[in-house]
Amino acid sequence: CDLSGGEADLEFISWLAANAPQTVVLVLAGPGSREARLAVAAMERGALEVLTRPRGPADAEGLEAFLEELGLLLRGLAGRRAAFLARRMLTGAKAAVGSVPGLAQRPGYEDLPRTVAVKPRIEEPFAAVAIGVSTGGPTALGQVLPLFPENLDRPVLLVQHMPPDFTRAMTASLDAKSRIRVMEAREGDLVAPGNVYVAPGGRHMTVVQAEGAPEPRGVIRLIDSPPVNSCRPSVDVLLESMAGVYGGRVLAVIMT
């Protein structure tokens, strides 16, 4: 969907989400705040991802970037479908096994895969939170960030893989619905508790130790080094820099 129809396209996406939830909706949008706001609204209504539209046939660089991003997304969707089918088959197998009298006591039954709850071992309080999210992220973040309490006493640094204008629009939308402040990170920002810092699209976000601070205290640095794992911003880059400032006191959350 290229959003050329404006509000009509958003209504159609809402209809698809309600009546054909298995349909994958990809949004094509160009630079500019209006299209960015429409793209974020589309994802809030059920679109999976926004892709930057090439400027035209002569935009060879933009077309190459678009095709690379589309290829990565399609491979990810194929993996997601395979995982969904595997989960459905496993659920059916467990139900069938559980319906056979006495089978649960037979050797080998305990070897069936099952969900295991793991309690994390935290030896000291964490000093900062890092969140990394890609496809489907804006919708998920719109559900998670509003749950954060207004008195949160830790900073949150967030990497969402999106083009520049779109991270700005997404940040404004998340800030409006959250009880804590959500902002697009700027060069030199002092990382403060209770704030969510969103990596601006197209740039890596890192943190360095604040000069003269006796305890670990981060300062935002934005860099334009090459993409990592085809992503810029990349959560890998953020996490490596946070480890240099906070050591092991980082609560890292990868939403997938």
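The values are calculated or read from the model by the stated rules, or taken from the named source; none is laboratory data. As the structure is a computational prediction, the values presented were derived from the model and not from experiment. Here Cβ is always computed from backbone atoms with ideal geometry, including for glycine, and neighbour counts include all displayed protein chains.
Report, by residue number, each residue of segment 142-156 that is in contact with a helix residue (DSSP H, G or I) (Cβ under 8 Å, 6 or more places away or on another chain) and modelled with pLDDT of 90 or more.
First pass over segment 142-156, keeping only residues in contact with a helix residue (DSSP H, G or I) (Cβ under 8 Å, 6 or more places away or on another chain): 142, 145-146.
Across segment 142-156, the qualifying residues are Leu145, Pro146.
Only residues in segment 208-221 that are farther than 16 Å from Arg154 by Cβ count as the first member; pair them with residues that are exposed (fewer than 15 other Cβ atoms within 10 Å of the Cβ) and among the β-branched types (Val, Ile, Thr), Cβ under 7 angstrom, at least 6 apart or cross-chain, and list the lot.
Taking only residues 6 or more apart or on different chains, the pairs are Val219/Val208; Arg221/Val208.
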